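A short worksheet on the structure shown next.
Read-outs: derived from the displayed coordinates by stated rules, not from any lab. This structure is a prediction, so every number in the text was calculated from the model and none was measured. So basically every Cβ, Gly included, is an ideal-geometry build from the backbone, and we count neighbours across all protein chains shown.
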Amino acid sequence: MTAPTAPPAPSRARAFLAGLALGIVLALTGALAGLWAANGRLSAGFERGLRRFVFTDGNTAGFESATLDLWRGRAALRGVRFQGPEGLRGTVDRVTLSAPPAELFSGAGPVAVVGLERPALRWGDAARSGAEFRAPALPGVVREWTVTDGSGTWTLADAGLTLDRWNLRLVRSDPGTSGRSVLTLDGAGRVLPEDPAAATVHVTFEEPFSPAALEGEIQIRDLSLPALYRTWGRDPELQILSGRLDVKTQFTIGGDQLTASHLVEIKDLRVDPGARKKLFGLSVKRLKDVLVIDRLSFVVPMSGSVQDPQIGFATSLEQILTKILDGKIDDPEDLRTWARRGGNYFGAKADAAWRAWLKRRRERAS
């Protein structure tokens, strides 16, 4: 009978490798802990620096907290509030900046993405201060801005415009041969707080931003005319009983010249003029067919100086009268003649009433 063999002695190489692996794990753990602690100190220093050098006036702007993740290239501010010129005030729940270090220092151009979560803006009447709007210059490192669930209220004289649930994306392209980048703004949201309509925006412009070089398209769908009139109207006798409105506006601004086209569609309109004899300077009796409309679409052209654009009331009213008189006048030539004459006649009155209304608004706002 043979004696049992003793187990082999552990290999020195295996023991060395196990110790080396354990040492590497401990070293990495210590390094990560050190980096985490260093990032915490950097984050605290980042917040102190913002309060000391950027948000120096607590009455104008401030924030609740700030964090910095240097290794991943991310920064965030929470509870931002600010107050600007021309009655502009706002809050933002969270502002984020993402710029991966490897891309940031690669020299590849704008790489950062800025995000605004739930911004809420309130803008007073700019005409009251007489100041001109100036858009801020966008930092060259930023490639994209995003807005999530934004809202805004713009007050004009004694009326206002409210927007909510807006999501926007502003993207900067690489500079072209002219050396100027093109920025494209796309967004969608709601208009009016009561019975809101859906709206979309698509605008392009070049850097540096100029309000005299824009083109784009704005659409508003299923806008409640009674709700719109309750917001902007002030005639106690006139009542809009029902009606929905779709508007598609395409515009181009070059220098001081504006060219725009508004495709308008009205559905189920019912207007009660009350005891009024005239509406916008026009006889209510002659407008009775226009005050009850099941469905009507027409185009309103606009062109001329940005400061004083000419609106094609005559052309639009000619389209309206053609559709209203269709079936009531047998001779097509007579139909065109009556529509053209009525468009010119009522168009001149509508233009005069429109300009008088604008003048009164300007005087009340000054």
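Worth a mention:
- Listed by Cβ neighbour count within 10 Å, with the fewest neighbours leading, Arg52, Arg89 appear as Arg52, Arg89.
- Within the shell defined by Cβ-Cβ distances under 12 Å, the residues around Phe46 carry a net charge of +3, with Lys and Arg each +1 and Asp and Glu each -1.
- Inter-label distance, nm, simple model (7 Å from Cα along the C-beta direction), Leu88/Ser210: 2.0 nm
- Summarising the label geometry, the points placed 7 Å from Cα in the beta-carbon direction at Asp256 and Met302 lie 1.9 nm from one another.
- Ser173 paired with Thr231, simple spin-label distance in nm, labels 7 Å along Cα-to-beta-carbon: 3.2 nm
- Exposure proxy for Lys323, Lys277: other Cβ atoms within 10 Å of each Cβ, ordered fewest to most, give Lys277, Lys323.
- Interchain or long-range residues, amide H under 5 Å from Leu88's placed H: Gly124
- For Phe63, Phe82, the sequence from fewest to most other C-beta atoms within 10 Å is Phe82, Phe63.
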